[in-house]
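Notes to accompany the following structure.
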Amino acid sequence: MSADGTTSNPSGRIVVVGNEKGGSGKSTVAMHLAIALIKAGQRVATIDLDSRQSTFTHYIENRFAWAQHIGRELEIPNHLYFTENTNNPTAEDEAADGKAFLDVVNARTGSNDFIVIDTPGHDSYVGRIAHSIADVLITPLNDSFVDLDVLATVDRETLAVTGPSHYSRMVEEARQQRLLHGNLATEWIVLRNRLSMLNSRNTRCVGEGLQKLSQMLNFRCAEGLAERVIFREFYPRGLTAFDAVDERTLGTRLTMSHVAARLEIENLVTVLGLRGSATSGRPTGNSRAAA
Ligand SMILES: Nc1ncnc2c1ncn2[C@@H]1O[C@H](COP(=O)(O)OP(=O)(O)OP(=O)(O)O)[C@@H](O)[C@H]1O
Ligand SMILES: [Mg+2]
């Protein structure tokens, strides 16, 4: 990839998980996606752009430590934690960070099938570059008007969507930039996360708003993940709903919630169409951590 956003080596598909709203599930989705892709036989590199919280990086570190603790092999992506200067950066600082980021992406495209990039829950220079080089952009969104606010403006009387908001305008600009440089359009998928098991008016209205917005802004809506405590419990051990279901790996008893979460992630990977044609027996080049 060059500094103007053009792609020089198209072999690694770039999947960016982004939403300027904090806490929408980006790091959780990025981790699940990366592990699901490795398990499907893909070579996966991961990049954490959230230099302040580094949740994605800690998640992977927790996985490494847990694998050693239980003496089992667990797939570990080829991970990089990228630090961006966020302390009043000058234009020169931004240009240097942007170039360094494109260099690390470029260095990974040839040797990986996918590069999964987790972004911070706020606007940043490198975050915007990441959006402009995304082959696939996944935006997890909690089922709430507070979260919808970053994507759309809403009529306060009717609760109907009236137009795009700041994050969707940024995505539009990033997509336009990409097209200007002759790249294929970014496929944008908005993934509903933490869906309530109860069929509330709120859930219905947010769903209708998203459907309308998807036509305005050309994204696909994916039925995402339900609100499940188990998604929070995976983190300290670096596990995902895709990991082996034996009690030693889980460190706890298997529950129906685990099975349901796994099905949701499997559906998600299928809906995203990211599994590719690789077979599960293929060597991935990703490391496996074990004692
Ligand atoms: N489907 C879910 N069910 C229950 N809890 C969830 C679900 N998805 C995510 N969470 C929890 O929601 C919180 C936020 O998730 P996560 O850290 O993945 O969001 P994020 O968008 O990366 O946040 P940030 O913008 O701060 O980086 C975490 O406590 C996570 O465990
Ligand atoms: Mg995060």
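The values are calculated or read from the model by the stated rules, or taken from the named source; none is laboratory data. Remember, predicted model here, so these are calculated numbers, not experimental data. Methodologically, a virtual Cβ is constructed for each residue, glycine included, from the backbone with ideal geometry; neighbour enumeration extends over all protein chains shown.
What to note about this one:
- Flag for ASP147 being of a type outside the set (Phe, Trp, Tyr) and within 16 Å of ligand 2 (Cβ to nearest atom): yes
- Selection count where residues are over 27 Å from HIS32 (Cβ atoms) and outside any helix (DSSP H, G or I), scope the range 149-173: 12
- Residue match in the range 253-260 (condition: within 13 Å of ligand 1 (Cβ to nearest atom), over 20 Å from LYS26 (Cβ atoms) and of a type outside the set (A, V, I, L, M, F, W, C)): yes
- Selection of first residues in the range 23-45 that are at negative phi and of a type outside the set (Lys, Arg) and of second residues that are crowded, with 24+ Cβ neighbours inside 10 Å and part of a helix (DSSP H, G or I), restricted to Cβ pairs under 6 Å at least 6 apart or on distinct chains, gives the following pairs, ordered by first then second residue: SER27/PHE56; ALA30/PHE56; MET31/TYR59; VAL44/ALA34; VAL44/LEU37; VAL44/ILE38.
- Residue check, ALA96 part of a helix (DSSP H, G or I) and modelled with pLDDT of 95 or more: yes
- Residue match in the range 181-202 (condition: assigned to a helix (DSSP H, G or I), surrounded by fewer than 19 Cβ atoms within 10 Å (Cβ to Cβ), touching a residue at least 24 places away in the same chain (Cβ under 8 Å) and away from ligand 1 (no atom under 16 Å from the Cβ)): yes
- If you go through the range 33-69 and keep only what is part of a loop (DSSP other than H, G, I, E, B), touching a Phe, Trp or Tyr at 6+ places or on another chain (Cβ under 9 Å) and within 16 Å of ligand 2 (Cβ to nearest atom), you end up with LEU49, ASP50, SER51, SER54.
- Any hit, the range 161-174, residues being aliphatic (A, V, I, L, M) and away from ligand 1 (no atom under 16 Å from the Cβ): yes
- Residue match in the range 137-148 (condition: part of a loop (DSSP other than H, G, I, E, B) and either under 26 Å from GLY273 (Cα atoms) or modelled with pLDDT under 95 (or both)): yes
- In the range 115-131, the residues that are hydroxyl-bearing (Ser, Thr, Tyr) and either without any contact (Cβ under 8 Å) to a residue 60 or more places away in the chain or in contact with a Gly (Cβ under 6 Å, 6 or more places away or on another chain) (or both): THR119, TYR125
- Meets criteria (within 16 Å of ligand 2 (Cβ to nearest atom) and either small (Gly, Ala, Ser) or surrounded by 18 or more Cβ atoms within 10 Å (Cβ to Cβ) (or both)) for ALA91: no
- Candidates THR55, THR90, filtered to the one that is farther than 18 Å from VAL16 by Cβ and among the polar types (S, T, N, Q): THR90
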